[in-house]
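Beneath this line is the structure, given in structure tokens, with notes to follow.
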Amino acid sequence: MATAIERAVADSEHLLVQAGTGTGKSLAYLTPALLVDGPVVVSTATLALQNQLVEHDLPRLAEAVTPLLRRRPTFAVLKGRHHYLCMAKLEHADEEEPADTLFDDPPRQRWLGEAGRLGKQIQRLRDWSNKTTTGDRDELDPGVDDTAWRQVSMPARDCVGAARCPYGADCFAEASRARAREADIVVTNHSLLAVDMLAGRHIVPPHKLLVVDEAHELADRVSSAAQAELTAEAVERAGRRARPLITPAAGEAIAEAGDALAAGLGEAPAGRLTDGLPPLLHHAVTLIDASTRSALEAIGDVKGDDPDPVRKQQAKATLDELSTTAQRLLEQAAHDVAWVEKSEVGAGRRALVVAPLSVAGTLAGSLYTDRTVVATSATLTLGGRFDTVARALGLPLPSAGGDAAAVPEQRSGRAAAPTSGDGWSSLDVGSPFDYPKQGILYVAAHLPRPAASGLPAAAGEELLKLVTALGGRALGLFSSRRAAAQAAELVRARTDLPVLLQGDESLPILVRKFREDRASCLFGVMSLWQGVDVPGDACQLVVIDRLPFPRPDEPLAAARAAAVDAAGGSGFAAVSVPIAAIRLAQGVGRLIRSTGDKGVVAVLDSRLETARGYGAFLRGSLPPFWYTTRPEAAIGALQRLAAT
């Protein structure tokens with residue numbers, strides 16, 4: 001992998017590298033990165049990997065290569081502005097009531113209680129501001145909640161810039177950017193990388209090599225960065241910020257627009273808007289567009305001699321974001337998808353959301369220009385090919401790359417076939433794990449095809465047999481909270497095994513208890529499919545209740561599938577199957593985390609065996625475990641593990 005990256009940089013060719021868990025891929029890309037003339041940027045999807053790079057891998061590597069390079073390589077972390085304490089915002093932190101508490105019930109009494117706690121946290125932040133050298137929220141221990149941090153941090157859109165800010169010379173965010181410009185290796189995250197691309201690439205320092213680790217997450221992060229929304233709370237907050245700068249009539253117009261949006265969201269059902277905005281929402285969005293544009297014109301430009309340029313910029317930025325989003329929703333462009341989002345419980349959150357149908361064009365136009373890109377992950381191939389991920393990342397496919405509307409044919413070999421296109425190539429470096437000897441993939445092919453939501457009775461009985469045979473040590477990954485709760489209730493009622501259910505306590509505490517108690521079971525939903533790392537014999541059984549296809553009410557997935565169908569392809573094959581393949585591979589990957597791990601992955605969805613086409617495709621996207629559909633083989637293996 002290191003040699004391939006060195007060659008890619010020399011040839012100015014982009015590279016996709018699949019490298020299994022335990023390969024040591026971070027050292028494989030960091031080592032050749034030190035030979036690049038100029039800064040190198042590494043982007044990660046998770047805070048855990050970012051911390052691993054900065055706290056462990058980079059310091060060890062820097063120490064190891066110092067004698068050879070005759071200097072110590074430097075590295076820095078680059079985060080978004082909102083991760084850093086803003087001294088200008090801190091000065092007025094006590095003056096602004098947190099908007100999210102104003103809409104609680106009963107609002108005023110609740111706010112009075114929140115205000116006391118909030119005041120204490122802000123005072124602690126003031127004390128910390130006199131001690132910290134970085135202003136980085138992650139270095140604040142103990143931390144503060146999100147409400148308090150929002151009072152003292154500045155989103156990029158609200159910032160007036162160091163030159164016009166009274167605290168510009170002492171800005172923590174500017175200092176972090178200065179350190180990044182001087183470093184050999186800059187570690188950032190996919191969200192900031194996405195914002196950088198959408199903003200014309202002026203945030204991340206210029207560089208010749210970009211390494212995208214956990215690259216299977218990048219397209220989704222770019223989609224999130226390009227997503228926008230309107231909420232009644234945001235409109236109210238914008239009006240409150242602008243009120244000192246505009247006429248009472250203009251402020252009233254913004255308030256009326258917010259009330260209209262609240263009414264429209266109350267009437268509209270949750271879900272994708274396939275026929276444009278409903279009349280009430282169209283009226284509300286039109287009012288938001290008109291009132292915010294009028295207020296922006298009244299406020300005018302932010303000037304150097306303004307008495308409070310920071311407050312003025314904040315008001316303008318909030319209004320401008322609402323105006324831009326409103327115009328985007330009114331335009332109803334074919335490349336955008338709009339939907340109404342509502343919390344499942346109570347009044348909760350209500351929002352009108354718009355997002356791009358695809359970000360492949362954005363990635364194709366912004367990700368690869370003037371730099372070499374190396375994209376790596378443990379799950380870059382689907383069905384034994386790189387084509388699907390390459391397409392999602394905006395890379396051109398070769399003419400024989402296959403039809404997007406067809407499920408690729410299952411390949412006979414388990415290693416991914418190398419693929420190349422115009423200006424890029426791929427490599428699968430394999431895995432250090434002996435999957436056929438370390439693990440079993442058991443598919444309960446005898447079970448009925450899952451239909452209703454929740455946990456079917458037959459699947460519940462199968463789950464009981466499996467966890468009883470092993471005596472715990474089971475991680476249950478479920479498609480819904482209802483199914484996870486039903487499974488927990490069943491196992492608690494029919495066995496003496498301790499069951500940890502996601503939501504009962506914080507996830508870190510649940511995972512720690514799961515590691516410490518070999519008899520325990522941990523059941524949960526999607527965040528467990530990717531975020532749990534439990535090597536050793538604490539986790540020797542992973543149970544997946546059903547194939548993780550996107551739900552029909554997931555707006556973006558549904559819209560993308562519909563677009564493929566309209567073009568004459570199969571939206572299910574081109575959209576739903578690849579999503580399920582990546583999720584399934586991530587879930588299955590929870591089992592084998594080290595060379596000494598052993599266990600069974602049990603999939604209680606017979607379609608993985610019986611479905612023509614996509615069943616084989618999904619299996620081909622998984623590690624090459626020893627495969628069986630015989631219950632007695634899985635039960636016997638678990639009983640032998642229990643005896644060790």
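For the range 491-594, what is the accessible area per residue in Å² when the probe is 1.4 Å?
Values: 4120 Å² over 104 residues.
With all protein chains present, the range 491-594 gives 40 Å² per residue.
So for the pair residue 275, residue 120, with labels modelled 7 Å out along Cα→Cβ, what separation do we get in nm?
Between residue 275 and residue 120, the label points sit 5.4 nm apart.
Pop a pseudo-label 7 angstrom from the Cα along the beta-carbon direction at both residue 335 and residue 147 and give the gap in nm to one decimal.
For the pair residue 335/residue 147, the computed spacing is 4.0 nm.
Would you mind checking the pairs 79/303; 79/316; 120/303; 89/303; 342/513; 25/208 and listing those with alpha carbons more than 30 angstrom apart?
Values: 79/303 28 Å; 79/316 24 Å; 120/303 34 Å; 89/303 18 Å; 342/513 33 Å; 25/208 20 Å.
In this structure, 120/303; 342/513 lie more than 30 Å apart at Cα.
Cβ under 14 Å from residue 643's Cβ, residue 643 left aside: what net charge do those residues give with Lys, Arg +1 and Asp, Glu -1?
Numbers: positive: 473, 518, 598, 640; negative: 537.
Charge balance near residue 643 sits at +3.
How large is the convex hull of the C-alpha atoms of the chain per residue, in Å³?
On the way: hull volume 112.7 nm³, N = 644.
Spelled out: Cα convex hull of the chain, divided by residues, is 175 Å³.
Note the full-extension length gain between residue 255 and residue 595 as 0.36 nm times their separation in residues minus their Cα-Cα distance, in nm to one decimal.
Numbers: separation 340, 0.36 × 340 = 122.40 nm, distance 6.09 nm.
Between residue 255 and residue 595, full extension yields an extra 116.3 nm.
Ignoring ligands, DNA and RNA, what percent of the accessible area of the chain is carbon or sulfur (1.4 Å)? Don't skip to the end; give the middle numbers.
On the way: 14950 of 28800 Å².
Looking at the chain in its full context, I get 52 percent from C and S.
Report the net charge of residues surrounding residue 22, where surrounding means a beta-carbon distance below 13 angstrom and charges are Lys +1, Arg +1, Asp -1, Glu -1. Mind dumping the intermediate values first?
Working: positive: 25, 593; negative: 434, 533, 597.
Neighbourhood net charge equals -1.
Can you give the net charge of the other residues whose Cβ lies under 14 Å from the Cβ of residue 277, counting K and R as +1 and D and E as -1?
Details: positive: 272, 328; negative: 229, 267, 275, 289, 331, 336.
Summing Lys and Arg as +1 and Asp and Glu as -1 gives -4.
Please give the contour-minus-distance gain from residue 452 to residue 327: 0.36 nm per residue of separation, less the Cα-Cα distance, rounded to one decimal in nm. Let's see the in-between values first.
Values: separation 125, 0.36 × 125 = 45.00 nm, distance 4.03 nm.
41.0 nm is the gain from fully extending residue 452 to residue 327.
Can you pull the one-decimal nm distance between simple spin-label points at residue 10 and residue 343, each 7 Å off the Cα toward Cβ?
Distance between label points: 5.8 nm.
Indicate the gyration tensor shape class of the range 468-529 (rounded, prolate or oblate), computed on the Cα atoms with a ≥ b ≥ c the square roots of the eigenvalues: a/c under 1.5 is rounded; otherwise a/b larger than b/c is prolate and the rest oblate. Write down the numbers at each step before the final one.
Details: a/c = 1.70, a/b = 1.12, b/c = 1.52.
The shape class here is oblate.
With charges set only on the Cβ (+1 for Lys and Arg, -1 for Asp and Glu), what does the dipole of the chain come to about its Cα centre, in debye to the nearest 20?
Once rounded to the nearest 20, the dipole reads 1540 debye.
Angle check, please: helix 555-566 long axis (alpha carbons) against the longest principal axis of the chain (alpha carbons), in degrees 0 to 90, nearest 10.
70 degrees
Between residue 364 and residue 553, what length in nm is gained on full extension when 0.36 nm per residue of separation is reduced by their alpha carbon distance? Walk me through the intermediate numbers first.
Numbers: separation 189, 0.36 × 189 = 68.04 nm, distance 2.84 nm.
Difference between extended and current length: 65.2 nm.
At 1.4 Å probe size, with every protein chain present, just tell me what the per residue accessible area of the range 276-358 comes to in Å².
Working: 4000 Å² over 83 residues.
On a per-residue basis, 48 Å².
Using only helices, what value at 222 nm comes out for the chain when you add -39,500 (n - 2.57) per DSSP H run of length 4 or more and divide by the total residues, to the nearest 500 deg cm²/dmol?
Calculated mean residue ellipticity at 222 nm is -13000 deg cm²/dmol.
Any idea what angle helix 2-11 forms with the longest principal axis of the chain, computed on alpha-carbon atoms, 0 to 90 degrees, nearest 10?
With rounding to tens, the tilt is 50 degrees.
So for the chain, averaging the separation of alpha carbon pairs under 8 Å that are six or more residues apart and normalising by length, what relative contact order in percent results? Walk me through the intermediate numbers first.
Details: 1140 pairs, mean separation 102.9, N = 644.
Averaging sequence separation for qualifying contacts and normalising by length gives 16 percent for the chain.
Over the range 259-362, what relative contact order in percent results from Cα pairs under 8 Å that are six or more residues apart?
Numbers: 108 pairs, mean separation 32.4, N = 104.
Computed over the range 259-362, the figure is 31 percent.
The values are calculated or read from the model by the stated rules, or taken from the named source; none is laboratory data. Owing to the predicted nature of the structure, the values given are computational and were not obtained by experimental measurement. Cβ: placed from backbone, ideal geometry, glycine included. Neighbour counts: every protein chain shown. What goes into the accessible areas is simple: the full protein's heavy atoms, side chains included, and nothing from ligands, DNA or RNA. Shrake-Rupley method; radii C 1.70, N 1.55, O 1.52, S 1.80 Å.
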